[in-house]
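Engineer: Before I ask anything, here is the structure I am working with.
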Amino acid sequence: MLNIFIAMEKIFLLFISLLISNTWAQIFVSTSGADNNPGTIDLPLKTIPAAVSLAQPGDSIFVRGGVYILSTTITISKIGTPNNRYYLLAFQNEKPILDFTSQPFGSSQRGINLYGNYWYVKGIDIYGAGDNGMFIRGSYNIVEYCAFYENRDTGLQLGNGASYNNVINCDSYFNADPSQGNADGFAAKLDVGTGNYFYGCRAWQNSDDGWDGYLRGADNITTVVENSWCFMNGYLKDGTISTGNGNGYKMGGGDNSNSANLANDFTIKKSLAFDNRIKGYDQNNNRGSMTLYNCTAYRNGINYSISGFINSGEVASLTNCAALGSVGSLAGHVVQQTNSWLPPFTVTNADFILIDTTGVRASRKVDGSLPDIIFMHLAAGSDLIDAGTTVGLPYNDAAPDLGAFETDGVPSSIEDKNEVVNHFSLQQNYPNPFNPTTKFFFNIPSAGKVRLDIYDILGKKIAQLYDENLNSGHYEIIWNAYDKSGKLLPSGIYFATLYFIDKSQTIKLVILK
């Protein structure tokens, strides 16, 4: 095993020696720029399309802060690779806002069409588009720390086969179409592909649903939502009731002739639904598996609704979930384990530190993560603490708590997601660029020795994050990019390489001070 790792490291160093001859460009866009400029920080371009036309795989487009008044859809079609993504990033802590309010309403009047693969979009707000704020039909993209608001259809929608996209720490709110029945916060629906993942997102006060997964043209796909909040959907920005569906997480289903057989295998973990007008967690007519782990529902019209049949071989299950108020409607085939409405629990307001929603719309932290709140956190002495079943999510003390928020302690720096995987992969870290902390995600298909190393642009190994045996599963590792003296590593390009038996995979990292 050691000889294999040594040989693989030599191959990697050769790979780095070839890469250092390739200088990835940094292209700048500013409201004060001009598209006949070279795109440097001193002479920036005016528009994102001009920057995209110049970019090559691995290049970074930095968008300076300010309001960009736009009336034409930005379409991004270039294709990157796992090791050479394209980057479209807000510059440092600046906030660019793409204002599309001058667009007319219409199905082709989107803010951004992300048709390419392997793009990383971070820190950009899209406001007032004539249709979707962003529409993704590409795959293996990451969209992080973006906001989509007051668009005239769904804030961020995935379709046309879009697969294996990660939407991280994004907000989508106040989206409303003229009919009020189409604009969701987030949607992986219609003819969408499989493997799309949402983490740390918020969807509120959209005229239709918070998340929508209903299908027309797709079947037997998977969608995962984790650590996300969904509230007050089915209301307009001014607080009046919309004519839309008004659900929080609509987990799938079909319509018309295929309404009774389409499967969106939908998983929701450690998430929160409250004050949605109709339902918090909604089967709709999804015939696929629905898995809810450690979810919390409060003051929705109906908190949990999985009342219809599912296809043979599919499973609907709720484990470690909590509801303050009535649970809702769950069919007899739904597998239930250690949920707050089951014996021996009796739930009251006293089980929670705070049931006031103050703070749920607060600004995100500097790294884009959700704000700290105590709403719906369990109060000391609640019998919902340490009362759950182990499902592969991290927990503290003797056993998992019920609901979305675990009390006390800090999860381990390496987290085993306990999911069955059949492929080896190192996914793009996030955030990226980062300062000072980032997280790596990787899949191991079988038991074996795993090593994760960090290299600088010259191929010098500067850190070893892991070097142990692991079982099959999906893992996460957090890295704080400090050297041995405790100083943050210099800004620039780095590489992370994951070694497993006779395989390896490398991704590019950017530390940006």
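Laboratory data are not the source of any read-out in this text; all were calculated from the coordinates shown. On a predicted model such as this, the values are computed, not experimentally measured, just so you know. Don't worry about glycine lacking a Cβ; one is built from the backbone with ideal geometry, like all the others, and counts go over all protein chains shown.
Engineer: Whole Å is fine, so just give me how far the alpha carbon centre of segment 358-391 lies from that of segment 66-116.
Structural biologist: Taking the Cα centre of each part, segment 358-391 and segment 66-116 sit 32 Å apart.
Engineer: Here's a follow-up. Taking other Cβ within 10 Å of each residue's Cβ, how do D219, D502, D42 sort, fewest first?
Structural biologist: So the residues, fewest neighbours to most, are D42, D502, D219.
Engineer: Provide the gained length on full extension for the span Q56 to R361, in nm with one decimal, where the gain is 0.36 nm per separating residue minus the Cα-Cα distance. Intermediate values should be presented prior to the final figure.
Structural biologist: Details: separation 305, 0.36 × 305 = 109.80 nm, distance 3.75 nm.
Difference between extended and current length: 106.1 nm.
Engineer: Let me ask something else about it. If neighbour count is taken as other Cβ atoms inside 10 Å, put H474, H333 in order from fewest to most. Can you show the working numbers first?
Structural biologist: Working: H474 18, H333 13.
In order of increasing Cβ crowding within 10 Å: H333, H474.
Engineer: Using helices alone, what [θ] at 222 nm do you get for the chain, with -39,500 (n - 2.57) per DSSP H run of 4 or more residues, divided over all residues and rounded to the nearest 500? List each step's numbers first, then the result.
Structural biologist: Values: 2 runs with 25 residues, N = 513.
-1500 deg cm²/dmol, from helical runs alone.
Engineer: Can you tell me, using C-alpha contacts under 8 Å and at least 6 residues apart, the relative contact order of the chain as a whole percent?
Structural biologist: Values: 1553 pairs, mean separation 38.0, N = 513.
Relative CO of the chain lands at 7 percent.
Engineer: Provide the packing ranking of 235-246, 311-322, 275-286, i.e. peptides ordered by the mean count of other C-beta atoms within 10 Å per residue, highest first. Please report the intermediate quantities before stating the final value.
Structural biologist: Working: 235-246: 16.2, 311-322: 19.3, 275-286: 25.7.
Listed from highest to lowest mean packing, they are 275-286, 311-322, 235-246.
Engineer: Among K189/K503; K365/K508; K250/K365, which pairs are too far apart, with a Cα-Cα distance over 32 Å?
Structural biologist: Violating the 32 Å limit, Cα to Cα: K189/K503.
Engineer: Rank these for me by crowding, K269, K487, K95, going from fewest to most other beta carbons within 10 Å.
Structural biologist: Details: K269 21, K487 9, K95 15.
Starting with the residue having the fewest Cβ neighbours, the order is K487, K95, K269.
Engineer: Over segment 27-153, what is the relative contact order in whole percent, taking alpha-carbon pairs under 8 Å and six or more residues apart?
Structural biologist: Details: 364 pairs, mean separation 25.2, N = 127.
So the answer I get is 20 percent.
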